[in-house]
Structure formats: C-alpha cells, structure tokens
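Asker: What follows is a single structure, and I will ask about it in a moment.
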Amino acid sequence: MRRKIPESTLPKLNRSQMITAEGLQKLRDELDHLWKVERPETTAKVSWAASLGDRSENADYHYNKKRLREIDSRVRYLRKCIDNFKVIHYHPSQEGKVMFGAWVEVENIDRGLKRRFRIVGYEEIIGNKDYISMDSPLAKALLNKTEGDEVVVKTPAGEFNWRILKIDYEQTDTSDS
C-alpha cells in the first residue's frame, strides 16, 4: 500500500510563483497576525499550562504546544514564499485577453453552465471559491484567448468544451511592493 505524502512536503515545482498584489498583501497580513497576535497568545497559554505542573496529562499544554508548532510552521512557510513570489500587475496590453489576474466568464458548452472566476496564483485560491489557480487545466487552456474563443479542457473527469463570454480586469489601488 502506498503511503500518502503530506502536500506540504511535496516540491512545488509545478505551482506558479506569481501572485496578485492583493494576494501578496493578504499573505503579509496573515504573517503579521500570526507573529504578533496568535504566537504570543499561544506562547502565553503554553507557559500557563506548563506552570500547572504535571504535563503528561495536561490537555491545554499539549494542545497549545501543537498549535505553536503549526503557527511556527506556517510562519516559516510564509516568510519563504513571500520573498519568492513575483507580483504581477495589470497592464493595458492585457485588455481583451485572458491573462493572469483576469476575471473570466465562461460557459460549459456541453452542460450549459456558466461560471465567473478570477485566474490567480495557487496561494490565492484557498478560501476563495471564485478564484482558480493559473496552474489548473481550465486556466491553462484559457490563457491568451479572447472573448468568443472556445477551448477543450482535459481533466481527470473527462473533456469539457468551454466558451469565453467575457473578460475583464478589476482595477484596484495597489501600492504595496
């Protein structure tokens, strides 16, 4: 039987290192919150639980030590990633084409379903149901296409035909990096 390797230990060679300015700011905010708020609070809880004496059956101590390890792991990961990301800013030459950061409305020709999503970097899709990774089969098929174009997307679930209905780029004031 094959053992499943935790995703966090897998090499990230296939993941794009591109990110939007907003996505990078969210990661910086998360890092700041973890380091300045959650870590000190959790460290204080560990110290308090340790002061109670016997740690062998101290659930507060064990839970908060585990949480502290999780926080430290995420902090290390964020510090490493933030330095390696390439922020991609909107450029007028992108107008009319599906590029990184685009909001795209598509129709699944086979099923008649419409979807609207933004093509972003891998780190930005977590918790955002309207975002897809630029490394996904659908995003790869759509890149550099224009409104009205049709693409065939091969996925593990089969082949699907999509038509691009609309492409737009929301402009946001991003003076971050």
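Asker: For the chain, with equal point scatterers placed on the C-alpha atoms only and solvent neglected, what are the log10 I(q)/I(0) values from the Debye formula at q = 0.12, 0.18, 0.20 1/Å, to two decimals?
Answerer: Per q value, in the given order, log10 I(q)/I(0) is -0.72, -1.15, -1.29.
Asker: List every residue whose amide H lies under 5 Å from the amide H of Ile109, counting only residues 5 or more places away in sequence or on a different chain, with H placed 1.01 Å from N in the peptide plane.
Answerer: Result for Ile109 returns Asn161, Trp162, Arg163.
Asker: Still on this structure, I have one more. For segment 92-168, what class follows from the C-alpha gyration tensor (a ≥ b ≥ c being the square roots of its eigenvalues): rounded when a/c is under 1.5, otherwise prolate if a/b is larger than b/c, else oblate?
Answerer: It comes out oblate by the Cα gyration axes.
Asker: Here's something else I'd like to know. With unit charges on the beta carbons (Lys and Arg positive, Asp and Glu negative) and the dipole taken about the Cα centre of the chain, which residue among Ile132, Ala50, Thr155 sits farthest to the positive side?
Answerer: Toward the positive end, the furthest listed residue is Ala50.
Asker: Read phi for every residue in segment 128-145 and hand back ³J(HN,Hα) as whole Hz from Karplus 6.51 cos²θ - 1.76 cosθ + 1.60, θ = phi - 60°, with x for Gly and Pro.
Answerer: 3J(HN,Hα) across segment 128-145, in whole Hz: 10, 5, 9, 10, 10, 6, 5, 8, 6, x, 5, 4, 4, 5, 7, 3, 6, 8.
Asker: Along segment 103-109, what does the Karplus equation 6.51 cos²θ - 1.76 cosθ + 1.60 (θ = phi - 60°) give for ³J(HN,Hα), rounded to whole Hz, x for Gly and Pro?
Answerer: 8, 10, 9, 10, 10, 6, 4
Asker: Let me ask you something else. Each label point is 7 Å from the Cα along the Cα-to-Cβ direction; what then is the distance between the points at Arg115 and Thr155, in nm?
Answerer: With each label placed 7 Å out from Cα toward Cβ, I get 0.4 nm.
Asker: For every helix of n ≥ 4 consecutive DSSP H residues, a contribution of -39,500 (n - 2.57) applies; sum these over the chain, divide by its total residues, and give [θ] at 222 nm rounded to the nearest 500 deg cm²/dmol.
Answerer: After summing the helix terms and dividing by residue count, I get -10500 deg cm²/dmol.
Asker: Only Cα pairs within less than 10 Å get springs; with that Gaussian network setup on the chain, which residue of Asp83, Asp29, Asp72 has the largest fluctuation?
Answerer: Top of the fluctuation ranking is Asp83.
Asker: Provide the per-residue ³J(HN,Hα) series for segment 97-102, in order, calculated from phi with Karplus coefficients 6.51, -1.76, 1.60 and θ = phi - 60°, each as a whole number of Hz, with x at glycine and proline positions.
Answerer: 10, 7, 9, 4, x, 6
Asker: Enter the Cα centre distance for the pair segment 95-132 and segment 148-165, rounded to the nearest angstrom.
Answerer: For segment 95-132 versus segment 148-165, the Cα centre distance is 12 Å.
Here, each number is a calculation from the coordinates, and none is a lab measurement. Keep in mind that what you see is a predicted model, and the values were worked out from it rather than measured. Glycine also receives a Cβ, built like all others from the backbone with ideal geometry; neighbour counts cover every protein chain displayed.
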